[in-house]
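Bear in mind that the values in this text are calculations on the coordinates, not laboratory data. Quick caveat: nothing in here was measured; it's all calculated off a predicted structure. Here the Cβ positions follow ideal geometry from the backbone for every residue, glycine too, while neighbour counts run over all protein chains shown.
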């Protein structure tokens with residue numbers, strides 16, 4: 001089963017994730033006071049919405065009404081799948097780093113690789129896989145509760161206020177700031193509110209998407225744009241004041257990111273049925289069956305996004321080693337160009353790999 005409106009959203013979110021790592025290259029290669037640095041930081045602030053959106057889509061699909069999953073399915077099809085992907089790609093990147101360093105395959109290098117596979121953190125983008133694997137384990141526990149709007153709000157309100165809004169406000173000075181910060185620090189809210197909030201939020205916005213039309217939708221979109229502009233301006237000014245990159249708003253766990261990613265998410269959702277009339281409820285428009293024959297281009301491209309996510313940092317490193325990936329002062333042109341190059345190369349590799357697998361299986 002698949003949600004058609006998520007195909008385009010998945011492609012856009014994937015491009016944003018590639019933008020995260022391309023813009024990060026520009027940030028590290030530019031002077032803090034330069035225009036190139038400011039442009040790359042603004043791109044980075046926007047791009048982190050892609051991470052939130054992927055978590056939100058996962059939550060919408062895993063928690064949707066009529067899709068109660070058994071414990072066996074959750075463990076086998078989601079937890080073990082994503083955990084297996086994590087260790088597989090962790091090993092691939094460890095081997096990749098070993099070969100890049102010019103080290104031969106020997107007993108000592110294999111031993112170190114195994115130790116790093118067990119105890120190392122892996123390449124920087126792989127954290128997403130175990131995070132989704134753990135969230136998947138919670139699905140049987142929370143599925144029935146989150147079918148009720150008030151239960152979702154019971155979690156989303158403290159998630160928004162305690163985990164996102166207050167930490168974002170702490171970048172400013174206001175009365176009783178440090179007293180409130182010390183008080184909030186006793187609860188370690190990021191440990192239990194964090195990404196589960198986006199997981200439930202994605203389900204909430206999809207399940208009751210008929211509420212987000214016309215006026216409400218416009219207000220959310222405006223709020224998302226304002227939040228993005230504010231995050232860009234304040235982030236650049238703070239970086240220049242500190243003399244180093246300020247990453248407070250280059251994170252899903254910020255209030256500005258919440259507004260921007262929610263606005264993008266709502267914009268891509270299909271709020272109308274085939275007759276053009278607004279849907280009465282999300283359950284009236286269930287996901288369509290995924291037919292392998294005659295798939296539209298959008299569905300084919302959406303099917304490549306996980307592979308692009310997994311492989312694109314390797315493509316960036318290879319381009320850097322070849323001297324092709326050079327971020328100069330013309331970041332306004334360089335960043336979009338490299339996003340296109342990295343995305344297309346990654347998609348091509350994934351597409352060819354899937355073709356080879358299908359030929360082997362066939």
Starting from the 7 Å offset along Cα-to-Cβ, what nm value, one decimal, do you get for the label separation of residue 326 and residue 73? 5.4
Length released on extending from residue 359 to residue 182, taking residue separation times 0.36 nm less the Cα-Cα span: 57.8 nm
Rounded to one decimal in nm, the spacing of the 7 Å Cα→Cβ label points at residue 103 and residue 225 is 5.1
Go ahead and estimate [θ] at 222 nm for the chain from helices alone: -39,500 (n - 2.57) per DSSP H run with n ≥ 4, summed, over the residue count, rounded to 500. -21500 deg cm²/dmol
Distance-filtered residues of the range 23-45 - backbone nitrogen under 16 Å, label point 7 angstrom along residue 244 Cα→Cβ: 27-33
Which of 15, 134 has the fewest other C-beta atoms within 10 Å, and how do the rest follow up to the most? 134, 15
The range 1-97: C-alpha gyration tensor shape, a/c 1.5 cut-off, then a/b vs b/c: oblate
Projected area, mean over directions - the range 310-362, Cα convex hull, nm²: 4.0
Classify the range 172-255 from the C-alpha gyration tensor, please: rounded if a/c falls under 1.5, else prolate or oblate depending on whether a/b exceeds b/c. oblate
Within the set 157, 308, 53, GNM on the chain using Cα springs under 10 Å gives the largest fluctuation to 157
Return 168, 45, 348 ranked ascending by Cβ neighbour count within 10 Å, so the fewest neighbours appear first. 348, 168, 45
Residue 340 to residue 210: extension gain in nm, 0.36 nm per residue of separation minus the Cα-Cα distance? 43.4 nm
Post the alpha-carbon centroid distance, the range 110-159 to the range 303-362, in whole angstrom. 26
Shape call, the range 69-142: gyration tensor on alpha carbons, a/c limit 1.5: prolate
Could you calculate the contour length gain from residue 161 to residue 267, that is, 0.36 nm times the residue separation minus the distance between their Cα atoms, to one decimal place in nm? 35.8 nm
Treat the count of other C-beta atoms within 10 Å as a stand-in for reagent exposure and order 312, 21 from fewest to most. 21, 312
Hull surface over four for the Cα convex hull of the chain, reported in nm², is 21.5
How do the peptides 186-195, 78-87 rank, highest first, by the average count of neighbouring beta carbon atoms within 10 Å per residue? 78-87, 186-195
